[in-house]
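Pasting a structure below so you can have a look.
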Amino acid sequence: MKKTLIHSQIIYSKVISVAAEMYERMRHTANSPAISEQESFAAAVLTAEADLAVQINGEPSHLFSLRNSAKHLFQYFAYDIQEGDVLVVADPFSGGTDPQTITMIIPMFYDGQLIISPAIRAPLLDVAGEYPGHLHPQATDIWQQSIRLTPIKLYRAGILQKDVYSFISRNSRAPESLKSDLQCMVGTCRHAIQSIEHILHRYNIDMVSEAISEMILYTRTRVEKTLSVISNNTYKGSATLRSDYDSELSARVKIDSIGNKLIINLDGSTRYSDSPLNLTPSGTSSFAVLPFLAGIFDDLTINEGMIAPFELIIPPDSILNPPYPAATNLGVRVIGPLVTEAITNALQLGQNNDLFAKSIHGSKPTACLFQPVGSTRNNIPISLDPGFSISEQGWGAPLIEGMTRLPSAEELEVHQGLRILLRELNDEHRMVVRVLNIQRPLEGNFFLLGDTERYPGAILLNGAALSDLTSLCTSVPVGASIEFVYPNLAEQQI
Amino acid sequence: MTTWTLGIDVGGTFTDIVAICSDGAIESAKVPSTSDQSEGVFNSIEKIASRLNRDLGSFLSSTELIVHGTTVSTNALLEYQGVKTGLITTEGFRDELEFRRAYKESVFNPRLAPPHAIVPRYLRLGVKERIDHTGKILTPLDVSSCRDAINQLKSKQVESIAICCLFSFVNPTHELHIADLVREIMPEVYISLSSEILPEIREFERTSTTVVNAYVGPLIAGYLDSLHTNLRKNGFTGELFVMQSNGGVQTIAEASKRAVDTLLSGPAGGVTASAYIGRYAGYPDLITVDMGGTSYDVSVIQDLQPTVTTETWIGRYRTAVPMLDIHTIGAGGGSIAWIDEGGGLQVGPRSAGATPGPACYGRGGDDPTVTDADVVLGYIDPHSFLGGEMVLDADKAENAIASKIGEELGLSTIDSALAITDIINNNMSNAMHFVTTKRGYDPRDFTLLAMGGAGSVHAGRQAEDLGIATVIVPNLSPVFCALGDGFANLKVTETKTYYTRADDLDLNILNSLFREMELRGKDRLSNQATTSNFELRRIVAMRYVGEVHEVPVPIRSRTLRITSLNITNLIKDFHRLHEKIFAHKDENQSIEILTLRLELTGIRRTIDLAAIPFEKEDSSHGIKSDRQVYFSSDPINTTVYDGKKLKPGNFIPGPAIIEQWGTTIVIYPGQEVLIDSYNNCVIEIGSAIEL
């Protein structure tokens, strides 16, 4: 048995390479800055049951949502999957987190058998909705955010479904970028299939399947060992947001370990919100396990074994599992960190202070700019996240932001007509970024959570704090300046 | 009268020298590296001189060129031993260096410490000035605040200042003015301007690269000056060049100003030598691998052109100058084998180094390493290591593997050693696979060139794993980087951001920019007498509109002026390359140009490698011994050859082992080797191994 683990490691490393190549390809060729700069996407190889064989994650929210979306796709098309199909879904109520993030899987057949399949989950630049981009801070239902893409075939038996393709692209204000990104995803997955075929030619299906199974088990063993330090006690914790925006929102958690399973029970969390402050179960699960895994993410490859030791109990009709058609577009940004905070609060109340992530922050001011609605057919949104709150490590961006990159000030000026006048730490050790619109009249959706307990940061328009921190279509004429202030580390802690 | 060219490469353990005579003779040697690298340099020259029965002075006086690959700047950065450095930048941007555009080496590790601050915050000062993306001055330079900043740095006794203003690559006047003020107030200080070091868009990358230059510059300048002076004192009247990370060499005057170009120059020598050997041996497409004690360096040469990258991080600092794309992983002869928490066998990245070294070194190390596995399996003869200069303790190797791996995994010592080599070979194969496929290449289309002390022990297995048909182990592989230094051409790389849509390209501007870069490049290469024969290569970094990353596309034409036909072909090449690398192209999508790059190579007159006629195929005269070697769990009695005795034309079917000073070449079952006309071992590979 020991010897086969070594062989499995070797074969499995080839499968990891496939996912890693997919990730690099997408990063280098995507149009959407959310992919190429912020790396808010994931690339994976899935088993025939849509379990994770390997996943490369740019951002934590994909941990459960890629494979849950893929499972929805496989369930939906259960008896209707054939070679050459490209399955897509972008639906928070089909395993995802928000409707602008699409999951694509190309089922792979080998000797007539469905085996392992490459998949990508990535945010698209714009797919309809009331406003360009991803940020609609006053949405009350999903339809205001974007179209809802329930499971559908983009390609059927290798033939592009032009009606589907047209439907998606014509509902986008950035159709060329969207089409390009879809083609990138398809091309990347198809290339991955060729790579997987090479692996299968080299080693047979059984060996590869066995290697994946063994390494999933290996990963599970490692994670269980890490979790075993949580003794057979019950840990309870909570985290609450008190804001003008949505009164009080709480995530409550009870953590128990039973055998090798860690039960994370989120009962008692606040009822779902009529605002976009809702997080789907996939997103909730991703953020809930994050504090436990943060310390070992670098040592292990993400696969099904990493998430198998966790059992999540997520109450329906809560902010962690909202009913259809609740709006969700701020769930990842706001509720996700709330969940992780509840978990870390629970753990720190116990004996595990040094083992797991101490606290994970991330809520910050953000904006999405676009040309005045109706002024142009192609209205490519500019997602403006020019800074970050200092992380729990005391430097750099927080963990929950994943692999994100700040935009270059020079590139932002050249490509978007936005001039960063200042990006520095002020005397309070807060990052301050001041941006000037130098090129064309714009409008913006802004969001800042007005937390009454902690300093949440600030957004100033022309030097004055925005009166409405969830403003829509605020005018940003040429010459207007937007200042983002990010809280320092101490201000993020209670 | 014969003259000599010396290539001298300083490594972590050894300083290598290759002496090339004008009559074609080549001598080589290794001496231990010294903390003052120039000592090792002189020791190596003396060793060669002694071998030639000459004294140092007379040998140096007949040496017309010394090319030196030094790790002074690399070590200074990696160990954070550079000089006290200040940064003057546009007001409001003094923390860009610290923000790093939010990049972190590990996103999820909650205990990751920040990089060592080579310019701490109190030495990073902003001055009032602002230039926009067109080069227009929005805020004139506030000379008074600038003087204050300089005086502040002076009071802190900085030895080096980096000057980085926004959009200086479009309009450098403010940076030049600040430099004048610095010279006025601090005439002795070392100055680095971002508009000179890296005149490209993206302020963080430009600032980081310039700061690194400032940080290590005085050290390399001082070292080269001292070395040059000492060489002159000892009778050297020729030219002293320095190896660069772009694979070429440069005068010490230029290297002293552009210290950043000398970072990671050591491995570049090996890649340069590989291209040289590839030309003669008839293999223009190579994957080069250099496996030393600690690390494994992989690079790709396509059509004799090494691939270049601008995405390097060194010592956790971004250095965005074009350098040879050498991918490094922690895999070497000293890589330690260990069992992880899940019972998996891991090898590296931690290394036993040279001290204590592998268990078989007998210096107190008891962790099993790759070298220990190689000894146990019979690949390495404990009594022939480094030509017998060092005797390895096979028992210690066996004990380390048995106790720390075998007992844990329930495997025999031999199976444990095989497992160690399987894992490390797999790690190295994956690294090779990554380097080739990220550029759209198929490794099976390449020949593998193995160098470094341990490279040729494992190369045969890696080639099988990747489906590569041929492995070359070059003659002089133990001193390959020094060989590369000896043959490298002078080279400068000029870059310039020129942002435009391809449809809006102005040929006059394009040609004018390239011409300026050419003149600057020639000026940088003017202060030498070695060559006046220059070769030009022009490259345009392009991308589809909306993408963030560029693809560098060479302009195929060599006409003085770039024509619209050249641009048409350039665009076609871009689509083709994009599809090759990323499996995706869109000929309907707009393209934009971001950066121009000009490579100016000063072709040196070097000796031609003389092809030696083939002798007989029979290689029995080279047989030294035989021994039991484990290519699998069952040993095979394997013939061992003395590499020195083999001649061109000799043919050896595997399994076999060829022992040379400084390296061992393993020919696995199903493989066969031919000694070619240049004394390279050319190994033909059979089918892929079965697990």
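Only the coordinates and a few stated rules stand behind these numbers; no lab work does. Here the structure is a predicted model, which is why all the values come from computation and not from measurement. In this analysis, Cβ positions are derived from the backbone assuming ideal geometry, glycine residues included, and neighbour counts consider all displayed protein chains.
Skipping prolines and chain starts, which residues have an amide H placed within reach, meaning under 5 Å, of the one on A:Leu135, given they are 5 or more residues away or on another chain?
Counting only residues 5 or more places away or on other chains, the set is empty.
So, one more: Just tell me which aspartates and glutamates come within less than 12 Å, Cα to Cα, of B:Lys647; anything on the same chain fewer than 8 places away is out.
B:Glu615, B:Glu617, B:Asp618, B:Asp676
Which aspartates and glutamates have a Cα less than 15 Å from the Cα of B:Lys585, not counting those fewer than 8 places away in the same chain?
Straight-line reach from B:Lys585, under 15 Å: A:Glu176, A:Asp181, B:Glu547, B:Glu550, B:Asp573.
Antiparallel versus total DSSP beta bridges in the protein assembly as shown: what percent is that, nearest 5?
Beta bridges within the protein assembly as shown, antiparallel portion: roughly 80 percent.
I need the phi-derived Karplus couplings for the range B:362-377: 6.51 cos²θ - 1.76 cosθ + 1.60, θ = phi - 60°, integer Hz, Gly and Pro marked x.
x, 9, x, x, 10, 7, x, 10, 4, 4, 4, 4, 5, 5, 4, 7
Per-residue HN-Hα couplings for the range B:314-328, Karplus 6.51 cos²θ - 1.76 cosθ + 1.60 at θ = phi - 60°, whole Hz, x for Gly and Pro?
Karplus-based 3J(HN,Hα) across the range B:314-328 equals 10, x, 6, 10, 6, 10, 9, 6, x, 9, 4, 7, 10, 8, 10 Hz.
Within 10 Å of each Cβ in peptide B:339-348, how many partner chain Cβ atoms are there on average? Round it to a whole number, please.
5
How big is the antiparallel share of DSSP beta bridges in chain B, given as a percent to the nearest 5?
Beta bridges within chain B, antiparallel portion: roughly 70 percent.
Please check chain A for the longest run free of GluC sites (Glu not before Pro) that are loop-located per DSSP (anything but H, G, I, E, B) and have at most 15 other Cβ atoms within 10 Å.
Within chain A, the longest run free of exposed GluC sites (Glu not before Pro) spans A:131-427.
Amide H to amide H, which residues 5 or more places from B:Thr3 or on other chains are under 5 Å from it, using H placed in the peptide plane?
The answer is B:Ser22, B:Asp23.
When the Karplus curve 6.51 cos²θ - 1.76 cosθ + 1.60 is applied with θ = phi - 60°, which whole-Hz ³J(HN,Hα) does each residue of the range B:19-35 get, with x for Gly and Pro?
10, 10, 8, 5, 8, x, 5, 10, 10, 9, 7, 10, 10, x, 6, 10, 5
Ok, one more. Using a/c under 1.5 as the rounded threshold, could you call the range A:367-470 rounded, prolate or oblate? The axes a ≥ b ≥ c are square roots of the C-alpha gyration tensor eigenvalues, and prolate needs a/b larger than b/c, oblate otherwise.
prolate
Still on this structure, I have one more. Taking 8 Å as the Cα distance limit and 6 or more residues as the minimum spacing, I'd like the relative contact order of the range A:2-219 as a percentage.
With pairs under 8 Å counted, the relative contact order is 24 percent.
Given contacts defined as C-alpha pairs under 8 Å and at least six residues apart, what's the relative contact order of the range B:583-662, whole-number percent?
For the range B:583-662, the relative contact order is 26 percent.
Next up: B:Asp626's amide H: which non-local residues (gap 5+, or another chain) put their own amide H closer than 5 Å, with H modeled 1.01 Å from N in plane and none for Pro or chain starts?
Those qualifying (amide H under 5 Å, at least 5 residues apart or on another chain) are B:Val640.
Treat the count of other C-beta atoms within 10 Å as a stand-in for reagent exposure and order A:Leu154, B:Leu97, B:Leu513 from fewest to most.
Fewest to most other Cβ atoms nearby, the residues stand as B:Leu513, A:Leu154, B:Leu97.
Hey, another quick one. For peptide A:19-29, what's the mean number of Cβ atoms from other chains within 10 Å of each residue's Cβ?
Taking all residues of A:19-29 together, the mean is 5.
Which value at 222 nm does chain A reach when only helices count, each DSSP H run of 4 or more adding -39,500 (n - 2.57), with the total divided by all residues and rounded to the nearest 500 deg cm²/dmol?
It lands at -10000 deg cm²/dmol.
While we're looking at this one, here's another question. If you keep only loop residues by DSSP, which GluC sites (Glu not before Pro) in the range B:233-323 have at most 16 other Cβ atoms within 10 Å of their Cβ?
Those that pass, being in a loop and sparsely packed, are B:Glu311.
Here's a follow-up. Treating cross-link reach as a plain straight distance, find the aspartates and glutamates whose alpha-carbon is under 17 Å from the alpha-carbon of B:Lys47, omitting any fewer than eight places away in the same chain.
The qualifying aspartates and glutamates are B:Asp9, B:Asp16, B:Glu27, B:Glu39, B:Asp55, B:Glu389.
Rounded to the nearest 20 debye, what is the charge dipole size of chain A about its Cα centre when +1 sits on each Lys and Arg Cβ and -1 on each Asp and Glu Cβ?
540
Exactly which GluC sites (Glu not before Pro) in the range B:597-688 are in a DSSP loop and have at most 15 other Cβ atoms within 10 Å?
B:Glu615, B:Glu617
Only helices at least 20 Å long along their axis, Cα-based, and averaging 0.0 or more on Kyte-Doolittle count here, so list those DSSP H runs from chain B.
Passing helices, by number: B:265-281, B:413-437.
Still on this structure, I have one more. Quickly work out the B:Glu408-to-B:Val143 label distance, labels modelled 7 Å from Cα along the C-beta direction, and quote it in nm with one decimal.
6.8
Where in the range B:326-435 are there GluC sites (Glu not before Pro) that are in a DSSP coil and have at most 13 other Cβ atoms within 10 angstrom of their Cβ?
Listed in order of number, the matching sites are B:Glu341, B:Glu389.
Cα-Cα over 22 Å: which of B:Lys84/B:Lys154; B:Lys257/B:Lys522; B:Lys438/B:Lys572; A:Lys179/B:Lys580; B:Lys30/B:Lys644; A:Lys261/B:Lys404?
Beyond 22 Å: A:Lys261/B:Lys404.
What is the sum of charges, Lys and Arg at +1 and Asp and Glu at -1, for the other residues whose Cβ falls under 13 Å from the Cβ of A:Val373?
Taking every other residue near A:Val373 into account, the sum is -1.
Sticking with this structure for a sec: Take peptides B:71-83, B:47-59 and line them up by average Cβ neighbours within 10 Å, highest first, as a rough protection proxy.
The most tightly packed comes first, giving B:71-83, B:47-59.
Sticking with this structure for a sec: Taking the Cβ of A:Ala480 as the center, what net charge do the other residues with Cβ under 13 Å away carry, scoring Lys and Arg +1 and Asp and Glu -1?
Charge balance near A:Ala480 sits at +1.
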